[in-house]
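Here is the structure we will look at.
The values are calculated or read from the model by the stated rules, or taken from the named source; none is laboratory data. Everything numeric here is computed off the predicted structure, so don't read it as measured data. We place every Cβ from the backbone using ideal geometry, glycine too, and count neighbours over all the protein chains shown. All accessible areas refer to the heavy atoms of the entire protein, side chains included, with ligands and DNA or RNA removed. Shrake-Rupley method; radii C 1.70, N 1.55, O 1.52, S 1.80 Å.
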Amino acid sequence: MSAVAQPGSAPVSPEGGALPRKESAPAIRVRHLWQRFGAFDVLRDVSFEVAHGEIFGFIGPNGAGKTTTIRVMTTLLEPTAGRVEIDGLDVTVDADAVRKRIGYMPDHAGVYDRVSVREYLEFFADAYDVMGPQAVVDAVMELTDLKKLQEKLVATMSKGMKQRLQLARTLLHDPKVLILDEPASDLDPRARIEMRDLIVELRKMGKTIFLSSHILTELADVCTSVAILERGGLVVAGPIQEIADRLERARHGEGAQAAGSPHPYVAQVPRKSVKVRVLGDPELARGILANAAFVHGALPAAAGTLVVSYSGDERVLADIVRALVQGGVPVIGVEPERNELERIFLEVTKGDLQ
């Protein structure tokens, strides 16, 4: 993002190129975290890890303990028990070093209204003691698409632009780990899409992003892994597809194999669902799929779309598409169901409040 080496950036070779860096510790490690206020346990034995370069979704109903966990991670609250590490550094023992490695964007954070965008960012660049602050501010404004608004008063900006400004502030010291609490809160549809695209771009730049949100469909679009909290305890954590597979195995029986021929592509794998868009008669497509191996069902959705449930990997999916095309039904699109994360959340939580 900037030409200046910042805390936590990769080491540089004598020729000026980045040297390979061995990541011996995960970006975030939470171990047996407890937080008690008086006689009330807000967090109870929470443990999970976030690998470098992930977009990690942190999910749970109101009162589940998400904000408390984030406050511990960002050194704003000392844990009652347990250990939290950021890039291998203990948040309690090495708080100052941790703060150099994280960029924290709280939910509904305030901004200084009576300054311009550039003045706001220059103020925080000075507060972070950033080297070459003018160049860094320019780079951050370019990345967050605020360059054309640099002279605009913050008070006159929309909610979406203020959220961009907050994110720009968190990037000034080039943190390795971004901790974003409801970054799309109260944004209109366009601003949400733009925020999502910016988060994806930041991951491509090598950032690890810890993302707390209630908007499950948007998390499903960008997250590589998730953790779900309820009543202060961890319900499940890991890659989304692995969690879905485990739940499916539990639902249908571990090791169950589709009845019929010993297909080489299917062995002890759970059911999956995809949306298949076809041209022509969807009922003809359903008839073809009714006889396809390892297809468990094909339900009509929107016009020309079927939700197909099957057991197997991508090669089985290719066989399904091939069967449709050979049966005279052109396939114009195949995509995973977007409500996978919603199904996981509803299945593993009970809706209980503390």
Filtered trypsin sites (Lys or Arg not before Pro), region 152-193: DSSP coil and at most 15 other beta carbons within 10 Å: Lys152
Lys, Arg +1 and Asp, Glu -1 on Cβ, resulting dipole of region 162-253 about Cα centre, debye, nearest 20: 180
From the coordinates shown, Rg and Dmax of the Cα atoms in Å corresponds to which of (1) 25.6, 90; (2) 19.1, 62; (3) 23.7, 71: (3)
Residue separation between Gln150 and Gln326 times 0.36 nm, minus their alpha-carbon distance, gives in nm 57.6 nm
Send over a whole-number figure in Å² for the accessible area per residue of the chain, probe 1.4 Å. 49
FRET efficiency (Lys350, Ala51; Cβ distance; R0 30 Å; to 0.05) is 0.55
Please give every one of the lysines within straight-line cross-link reach of Lys148, meaning a C-alpha to C-alpha distance under 21 Å, and leave out same-chain neighbours fewer than 8 residues apart. Lys159, Lys162
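Computed FRET efficiency, Cβ-Cβ of Leu299 and Asp107, R0 56 Å: what is it to the nearest 0.05? Spell out each step's value before the answer.
On the way: r = 38 Å, r/R0 = 0.67.
Step by step, r from the Cβ atoms, then E = 0.90.
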About the Cα centre of the chain, how large is the charge dipole given +1 on each Lys and Arg Cβ and -1 on each Asp and Glu Cβ? Please answer in debye to the nearest 20. 300
At a threshold of 8 angstrom on Cα-Cα distance, excluding pairs fewer than six apart, so keeping six or more, what relative contact order does the chain reach in percent? 18
Among Asp319, Asp126, Asp197, what's the order by accessible area (1.4 angstrom probe), most exposed first? Asp126, Asp197, Asp319
Which shape class, rounded, prolate or oblate, goes with region 48-148 when its Cα gyration tensor gives a ≥ b ≥ c as root eigenvalues, a/c under 1.5 marks rounded, and past that a/b bigger than b/c marks prolate? prolate
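Using only DSSP helix segments of four residues or longer, with each worth -39500 (n - 2.57), what per-residue ellipticity at 222 nm results for the chain after dividing by its residue count and rounding to 500? Each step should come with its number before you reach the end.
Values: 11 runs with 117 residues, N = 354.
The helix-only estimate for the chain comes to -10000 deg cm²/dmol at 222 nm.
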Carbon and sulfur atoms account, in whole percent of the 1.4 Å probe accessible area of the chain, for 52
Mind pulling the angle between the C-alpha long axis of helix 159-171 and the longest principal axis of the chain? Nearest 10 degrees, somewhere in 0 to 90. 70
Dipole of the chain [Lys/Arg +1, Asp/Glu -1 at C-beta], most positive-end residue of Gly103, Leu77, Gly327: Gly327
Sorted on mean Cβ neighbours within 10 Å (highest first), peptides 225-231, 340-346 come out as 225-231, 340-346
